[in-house]
Every structure is written in C-alpha cells, then in structure tokens.
Amino acid sequence: MSELYGGIHLGPFTLYYSWLGTFLFVLVTVFTAKWYASKQHVEEVDDFIDVFIASCTMWLVVWKVSGMLFVLHDLFRVPAKVLFAAPTAASGMIATAVVILYIGYSIWRGHLVMSRMFDLIVVSFTAGLIPYCLFHLQLGQQMPRPFGIAMEGGQFAPVNVYEVIILCVNIGILWSALRTRDTTVSKTVIGFYVVALDSIGSLFVSLFSNHDVLWGFLSPWQWGLLALACVGLWGMTRDRVAS
C-alpha cells in the first residue's frame, strides 16, 4: 500500500500513481456518464462531458501555471525558474476558483438546466472517484490488523480504501436498481439517493481520519458531509411524498 506514494517508471519519466488516479477519474466519469445517459435517456450528456473535460484541462493548466505568479521577480534573472516553477499551496484554490467561474459562464452561455443533469453528474462523479481514491493514499488513525496497514511508526487505517469500498457498494446498489427498474427510485431524483449514500458512507469513513481543525465536535469536512447527507435525505423524502 505504501507504494502508492511512488509511481511507474517509464525510462527517465515517472508516472505517479496520484496522476494515474486523476486520469482514471476523468476517464471513468466520462464512460459512466455515457452509460447512465443511455440507460436513463439523458439528452444533455454531451454538454456535460464537454464542460467536464474542459474544466479538468483548465484546472490542470491553471494549477501548473499559477505557480509562476509567485516567482515573477525571477522572470529576467532566472527565466528557467519561472518556467518550471512548482505549484504552490494556493494553486489548487486559484485553479478551483477559475473553474467555478468557467462552469458558471458555460451554464449561462449554453442555457444549461443543471436540474436535468443532476443525476448524471452525481452518478458519474461517484464512479469516477473510485479509481481516484484508490490511487491517492490517505492514512488515518492507528488501527490494529487486519483493519490497518503497516507503515513507519505503526499501523494506520487506509482511509482511501474505505472510501473505495463505500463508493463501490453505492454504485452496485444503483446498478442493481437500474437493472430491476426499481419504481421506488424516481429517475429525476435518483441523484439524491446517491448523494445520501455517498455522504453517509464518507461521514462514517471520516471517523477513522485525523482532523486538525474542529468546529464544535466535527471537522469542516464532516460538517459538509452532514449537510450533503441532509440534502440527500430531504430529496428522498420529497420523492416519496410526491409518489
């Protein structure tokens, strides 16, 4: 498991497992979107894929280039340093902000109705996060065998593996429901079911993680998961009332 910190060596180059997980996230998300759209007859799938791929590409470019902004004073003295500047801690936030603006602009320009793509987005992202979490090693609290893995300093909970298990179970439930044409799961609100399953599962997994910052008795991440779980449960309740 500790090998996930490394990568695959291809001559002078190294394909880090984290990069592989990110690439597979994009690939699996697109594949799942097409599969789900064919099952549920979602006409906006092409719009979603176009915006999704463009957003991923934009995030990667901005994340890499934004590191140059912090070393511009070396532009004329050491040009190579600016060109090969590594992303900083703020690069991810800058890239995310740019992508959010781009998505908002795309929705406004294309007159996209997000409610029609809500199920598609939630389901495809859930599937895409499976390889992403698998190749992004995240260790949590110390755990005994067989629930923990041996690392330097003790045995720790492989939180990313727990997340993968939860996501696989949720996708399995969804796949089974689609195969059996479960009438209790409405096409228009199936995303709420997946949001509830994902959030509750991730909230349980977060109990094995280490949290440096707490707001009350939960971390900011756990509060966010709790809020998403409530939204998902609210959507499920609304669907049952409507039916």
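The values are calculated or read from the model by the stated rules, or taken from the named source; none is laboratory data. None of these values were measured; they are calculated from a predicted model. Backbone-built Cβ (ideal geometry, glycine too); neighbour counts: all protein chains shown.
If you check every pair at least six apart or on different chains, which have Cβ atoms under 6 Å apart with a residue in segment 202-216 that is within 13 Å of residue 157 (Cβ to Cβ) first and a residue that is among the charged types (D, E, K, R) and crowded, with 18+ Cβ neighbours inside 10 Å second?
205/163
Looking only at segment 212-243, filter to residues that are of a type in the set (Phe, Trp, Tyr) and either under 25 Å from residue 193 (Cβ atoms) or part of a loop (DSSP other than H, G, I, E, B) (or both); which one of those is modelled with the highest pLDDT?
Across segment 212-243, the extreme among qualifying residues is 223.
Results for (1) without any contact (Cβ under 8 Å) to a residue 60 or more places away in the chain; (2) of a type in the set (A, V, I, L, M); (3) assigned to a loop (DSSP other than H, G, I, E, B); (4) at negative phi, shown as yes or no for each residue.
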| residue | (1), (2), (3), (4) |
| --- | --- |
| 130 | no, yes, no, yes |
| 133 | no, no, no, yes |
| 157 | yes, yes, no, yes |
| 166 | yes, yes, no, yes |
| 169 | yes, yes, no, yes |
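Taking segment 31-46 on its own, how many of its residues are surrounded by fewer than 19 Cβ atoms within 10 Å (Cβ to Cβ) and assigned to a helix (DSSP H, G or I)?
Residues in segment 31-46 being surrounded by fewer than 19 Cβ atoms within 10 Å (Cβ to Cβ) and assigned to a helix (DSSP H, G or I): 7 in total.
Inspect all residues belonging to segment 83-94 and state whether any of them is under 22 Å from residue 15 (Cβ atoms), out of contact with any Asp or Glu (no Cβ under 8 Å at 6 or more places or on another chain) and modelled with pLDDT of 85 or more.
Scanning segment 83-94 turns up no residue that is under 22 Å from residue 15 (Cβ atoms), out of contact with any Asp or Glu (no Cβ under 8 Å at 6 or more places or on another chain) and modelled with pLDDT of 85 or more.
Out of curiosity, is residue 152 among the acidic types (Asp, Glu) and modelled with pLDDT under 90?
Criteria met by residue 152.
State whether the residues of segment 189-211 include one that is closer than 20 Å to residue 33 by Cα, assigned to a helix (DSSP H, G or I) and modelled with pLDDT under 80.
Yes, segment 189-211 contains at least one residue that is closer than 20 Å to residue 33 by Cα, assigned to a helix (DSSP H, G or I) and modelled with pLDDT under 80.
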